[in-house]
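Below is one structure, written out as structure tokens; the observations come after it.
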Amino acid sequence: MDLHLKIWRQKDKSTEGKLVNYDLKELNSHMSFLEMLDTLNEKLITEGEEPVEFDHDCREGICGQCGMMINGLAHGPLENTTTCQLHLRSFKDGETIVIEPFRAEAFPIKRDLKVDRSAFDRIISSGGFVSVNTGQAPDATAIAVTHQVAEEAFDSAACIGCGACVATCKNASAALFTSAKISHMALLPQGKEERSERVLKMVRQMDKELFGHCSNTEACEVECPQGISVLNIARMNYEYSRAMFFGKK
Amino acid sequence: MLDSKIPQGPLEQKWTNYKKTAKLVNPANRKKLDVIVVGTGLAGSSIAASLGEMGYHVKSFCFQDSPRRAHSVAAQGGVNAAKNYKNDGDSVYRMFVDTLKGGDFRAREANVYRMAECSLNLIDQAVAQGVPFGREYGGYLNNRSFGGVQVSRTFYARGQTGQQLLLGAYQALMRQVGKNTVQLFSRHEMLDLVIIDGKARGIIVRNLDTGEIERHSAHAVVLATGGYGKIYYLSTLAMGCNGSAIWRAHKKGALMASPSWIQVHPTSLPQSGDYQSKLTLMSESLRNDGRIWVPLKENETRPSNDIPENERDYYLERRYPAFGNLAPRDISSRAAKERIDTGFGIGPLKNAVYLDFSKAIREQGKEKIQEKYGNLFDMYLKITGYDAYKEPMMISPSAHFSMGGLWVDYELMTTIPGLFALGEANFADHGANRLGANSLLQASVDGYFIAPYTIANYLSNEIHTGKISTEDPAFEKAENAVKQQIEDLINIKGTKTVDHYHKTLGKLLYDYCGLARNKEGLKYAIEEIQKLKAEFYKNVRVSGHGNNMNTELEKAGRVADYFEIGELMCYDALTRNESCGAHFREEYQTPDGEALRNDSEFQFISAWAWTGENQEPELIKEPLVFEEIQPTVRSYK
């Protein structure tokens, strides 16, 4: 199949970027989207041009490193998919595809399609953990966790931190990412002790990183590769109110 | 002579005895000591977090944009622990026996026993961190069975166990980053090791965002950089996985052990075309319920569901009735290759076998299968476009885990004092084959429970050393060499891309140093790799500059190292005149095609020393002594 690409090229954070046109011919429809970009880069390098920089690593939909806006949608047209798991069979022969980086003030552009998502790491660093040191943990099965709770915690813990939720949100809010971690920890008995401090610190950090506020459009859930539910945001709001009004009780 | 430093005493007491006598560092002295940890996977994050908790000053480096993306994240199936929650007769001793046997008696007894022993604590540690392992309805931990064993000892978090364990370790790491005990350097790649007075004293890194070359010093350096299976280009590994950090350390004097032992995983998705960048792994746990078969008829053209039961060859169940579809990875991979090579392969390129869930779905219902493996079935659908609930999956073997790596002693220290190697970056524990669900385990216990003791033991002699200066001439020399290499690569300005060379090398290794090897093939491969390497340095094209973000340059440096690693892999395979685990030398097999080990001549670890550019490496042998169990022929029949 043939494709017309319009790709955002930007040298660095401070240089102005623009969309550049590229044409690719005779592509195999079983090719993944990133393999299509590999093919483009091979061509560009051979022709003496600089290849397009984009983030990717595991190419199995789990590391969360890849991600770009494809025709205005984070990770492209399929539901619950990372860019690496998107294949050309999802596009039509001769189609024009616009490829841009994730956009958010908290995710500054590094180069071309690469953005800086270290704000997520700082949110985790502010409190997204259980404060347990190595080596002295109690017997794992001594505290029973019902199957249902473990599964619910897993649903939240499955977030891969790709940033699609932020990129697709009109407010560039990190509410889905942050709330997923807060829910994961608050649901499990091991994480309950710190739930009040955790939610306060993480929400504070989220604001400090210049993410926008959540206004419940629920676009984040639609674009999330892991299908993380917006109910996490409801839980975060509950945990936040609980912590504000009742402190550590 | 290599000193493996295995403690005295009975096997069950060795680790306890070591811990009892290991030297300690006073909390007040710990903050005077710097440790560098390269890599933030399970081994790297856990050791960096553990040392940070203890009060050492730690610098943590990873090439990804966040430590949470290290490739441990992709491990799916589970992590082993001899908890015996199923009351099916499991124990530390049984896990030790299974692992030693699974590795074809080419691992150290003491190391393997310690891994099994520490497995009990790992599950406790991970649960305390909030890892949502699968639970029974009563609330207790659940587990399942994996290849190579007859008990249920694999704990899992759906099909994303690696991700959940890594998030636990990453969160522990980020907690320390928040407390300023660990300084994090993401998007940094280690390019050289700095040695002062014979000890590892620092590293040279490249800031991948800016291209700046930086010097970092420490009293000990820990490499937890994962494996080099991506050398085959098509593999189950992440695109960035590489062997460069351990290789640069090797060239500075650390020995490399068993480099040719690279596991080929039996259940990855088959290659569909030349453009392909990687092969996706489907978890081995699928083999618990999926049955593997090929058509009985050669060059079968009928769709899978049209082939009746009596025209199917369930070859693993046929050949290995005791273990059936759960035969170890090397055995299963080789059996698949045998069927494919003799003309029974399926799929468009005839390069796959079926993994069939129809029986399991009939017996357990779709819902149950969905709960166990739902995400894997979804992933399969996304990649191939086929629904595995309706027709069997197509799977094929793919390069996966490197059992080889830097040689380390019982303390996980390399032959360079102060340089430690953890997890897949070292060679220890797995022997010639890694059993499923042992990689997450080894990486984690190395970082959480073993290295914190052994590194402290080493550092106890460093408390009077004082700050290490990065102005030392050794730093300058290493930095200059790195800068020179970057400049050289950029200035070649040839016509072929880095990926072209990587793919060519990978194919060569797969054909001649892959699932099967022979003497002629290995000699041929060594010559061809040397030719390819020479051509690379004349004709590769690395676009852009060294002083900014440049992915092609990153790849070029890694491929330059892969040529040398690949050559050493072939030398290693060539000198081992036996078949063991992942290493199948065609000249050494039984009449029915099974691996033929030679204990009288090859019961040793091959440790290799770098002797210089274009020189043959030097082989140093570490004899393996088995006190507890005597090597037997592996039989899964």
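The values are calculated or read from the model by the stated rules, or taken from the named source; none is laboratory data. For clarity, every value in this text was computed on a predicted model and none was experimentally measured. Counting neighbours? That spans all protein chains shown, and the Cβs are built from the backbone with ideal geometry, glycine included.
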Give all pairs with beta carbons closer than 7 Å in which a residue from the range B:351-367 that is assigned to a loop (DSSP other than H, G, I, E, B) meets a residue that is among the hydrophobic types (A, V, I, L, M, F, W, C); count only pairs at least 6 apart in sequence or on separate chains. B:Asn351/B:Ile340; B:Phe357/B:Ile369; B:Phe357/B:Ala388
Selection from the range A:221-240 of residues within 14 Å of A:Cys169 (Cα to Cα) and assigned to a helix (DSSP H, G or I) yields A:Glu221, A:Val222, A:Glu223, A:Ile233
Scope the range A:102-141; condition among the acidic types (Asp, Glu) and farther than 20 Å from A:Ala157 by Cβ; matching residues: A:Glu105, A:Asp112, A:Asp116, A:Asp139
Can you tell me which residues in the range A:58-79 are under 22 Å from A:Ile109 (Cα atoms), over 14 Å from the mean Cα position of the chain (by Cα) and within 10 Å of chain B (Cβ to nearest Cβ)? A:Cys58, A:Arg59
What is the one condition in (1) in a helix (DSSP H, G or I); (2) surrounded by fewer than 24 Cβ atoms within 10 Å (Cβ to Cβ); (3) in contact with an Asp or Glu (Cβ under 6 Å, 6 or more places away or on another chain) that B:Lys20 does not satisfy? (3)
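For residues in the range B:527-552 being away from every other protein chain (no Cβ under 11 Å) and crowded, with 21+ Cβ neighbours inside 10 Å, which is nearest to B:Ser332 (Cα to Cα)?
Per the criteria, the residue is B:Ile529.
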What is the number of the single condition among (1) over 30 Å from B:Ile195 (Cα atoms); (2) modelled with pLDDT of 95 or more; (3) crowded, with 19+ Cβ neighbours inside 10 Å that B:Leu296 does not meet? (3)
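Looking at the structure I just gave you, is A:Ile160 in contact with a Pro (Cβ under 8 Å, 6 or more places away or on another chain) and either surrounded by fewer than 24 Cβ atoms within 10 Å (Cβ to Cβ) or at the interface with chain B (Cβ under 9 Å from one of its Cβ atoms) (or both)?
Yes: the conditions hold for A:Ile160.
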Looking at this structure, is B:Ala172 in a loop (DSSP other than H, G, I, E, B), facing chain A (nearest Cβ under 9 Å) and surrounded by 24 or more Cβ atoms within 10 Å (Cβ to Cβ)? no
Does B:Asn84 meet the test of being at positive phi, surrounded by fewer than 22 Cβ atoms within 10 Å (Cβ to Cβ) and within 14 Å of chain A (Cβ to nearest Cβ)? yes
Among the residues of the range B:123-156, the number that are facing another protein chain (nearest Cβ under 7 Å) and either in contact (Cβ under 8 Å) with a residue 60 or more places away in the chain or touching a Cys at 6+ places or on another chain (Cβ under 9 Å) (or both) is 1
Only one of B:Gly436, B:Gly418 that is away from chain A (no Cβ under 14 Å), in contact (Cβ under 8 Å) with a residue 60 or more places away in the chain, of a type in the set (Gly, Ala, Ser) and on the phi > 0 side of the Ramachandran plot: B:Gly418
Looking only at the range B:86-121, count every residue that is more than 20 Å from B:Tyr410 (Cβ to Cβ) and out of contact with any Leu (no Cβ under 6 Å at 6 or more places or on another chain) and tell me the total. 10
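Matching residues to (1) free of Cβ contacts under 8 Å to residues at least 40 places away in the same chain; (2) of a type in the set (A, V, I, L, M); (3) surrounded by 14 or more Cβ atoms within 10 Å (Cβ to Cβ); (4) within 14 Å of another protein chain (Cβ to nearest Cβ):
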| site | (1), (2), (3), (4) |
| --- | --- |
| B:Asn480 | yes, no, no, no |
| B:Thr497 | no, no, yes, yes |
| B:Leu505 | no, yes, yes, no |
| B:Leu508 | no, yes, yes, no |
For the range B:580-601, give me each residue that is crowded, with 19+ Cβ neighbours inside 10 Å, touching a Ser or Thr at 6+ places or on another chain (Cβ under 9 Å) and outside any loop (DSSP other than H, G, I, E, B). B:His583, B:Arg585, B:Ala595
Answer yes or no as to whether A:Met202 is in contact (Cβ under 8 Å) with a residue 60 or more places away in the chain and not charged (D, E, K, R). yes
When B:Ile292 is evaluated against the numbered criteria (1) within 14 Å of another protein chain (Cβ to nearest Cβ); (2) of a type outside the set (D, E, K, R); (3) in contact (Cβ under 8 Å) with a residue 60 or more places away in the chain; (4) not in a helix (DSSP H, G or I), which criterion, by number, is the only one it fails? (1)
Residue set A:Ala186, A:Ala153, A:Ala243, A:Ala167; condition crowded, with 16+ Cβ neighbours inside 10 Å, touching a Phe, Trp or Tyr at 6+ places or on another chain (Cβ under 8 Å) and assigned to a helix (DSSP H, G or I); output residue A:Ala167
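Any residue at all in the range A:209-220 that's outside any loop (DSSP other than H, G, I, E, B) and either modelled with pLDDT under 95 or within 14 Å of chain B (Cβ to nearest Cβ) (or both)?
no
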Name the residue that is surrounded by the most Cβ atoms within 10 Å (Cβ to Cβ), counting only residues in the range A:14-33 that are within 10 Å of another protein chain (Cβ to nearest Cβ) and either under 16 Å from A:Arg111 (Cβ atoms) or of a type in the set (Gly, Ala, Ser) (or both). A:Ser32
Looking only at the range A:103-124, filter to residues that are surrounded by fewer than 24 Cβ atoms within 10 Å (Cβ to Cβ) and either in a helix (DSSP H, G or I) or of a type in the set (S, T, N, Q) (or both); which one of those is nearest to the other protein chains (Cβ to nearest Cβ)? A:Asp121
Any idea which of A:Thr141, A:Thr82, A:Thr168, A:Thr96 is β-branched (Val, Ile, Thr) and within 7 Å of chain B (Cβ to nearest Cβ)? A:Thr141
Considering only the range B:455-541, give the helices (runs of 4 or more DSSP H) lying wholly within it that have at least 2 residues that are at pLDDT below 95. B:498-512
Among the residues of the range A:34-41, is any assigned to a strand (DSSP E or B), modelled with pLDDT of 95 or more, crowded, with 19+ Cβ neighbours inside 10 Å and out of contact with any Pro (no Cβ under 8 Å at 6 or more places or on another chain)? no
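For (1) surrounded by 21 or more Cβ atoms within 10 Å (Cβ to Cβ); (2) modelled with pLDDT of 95 or more; (3) under 24 Å from A:Ser118 (Cβ atoms), each residue gets a yes or a no:
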| position | (1), (2), (3) |
| --- | --- |
| B:Gln183 | no, yes, yes |
| B:Asp192 | yes, yes, no |
| B:Asp197 | no, yes, no |
| B:Val205 | yes, yes, yes |
| B:Asp209 | no, yes, yes |
| B:Tyr228 | yes, yes, no |
| B:Tyr232 | yes, yes, no |
| B:Met239 | yes, yes, yes |
When you scan the range B:412-422, do you find a residue that is of a type in the set (Val, Ile, Thr), buried (at least 18 other Cβ atoms within 10 Å of the Cβ), modelled with pLDDT of 95 or more and in a strand (DSSP E or B), even just one? no
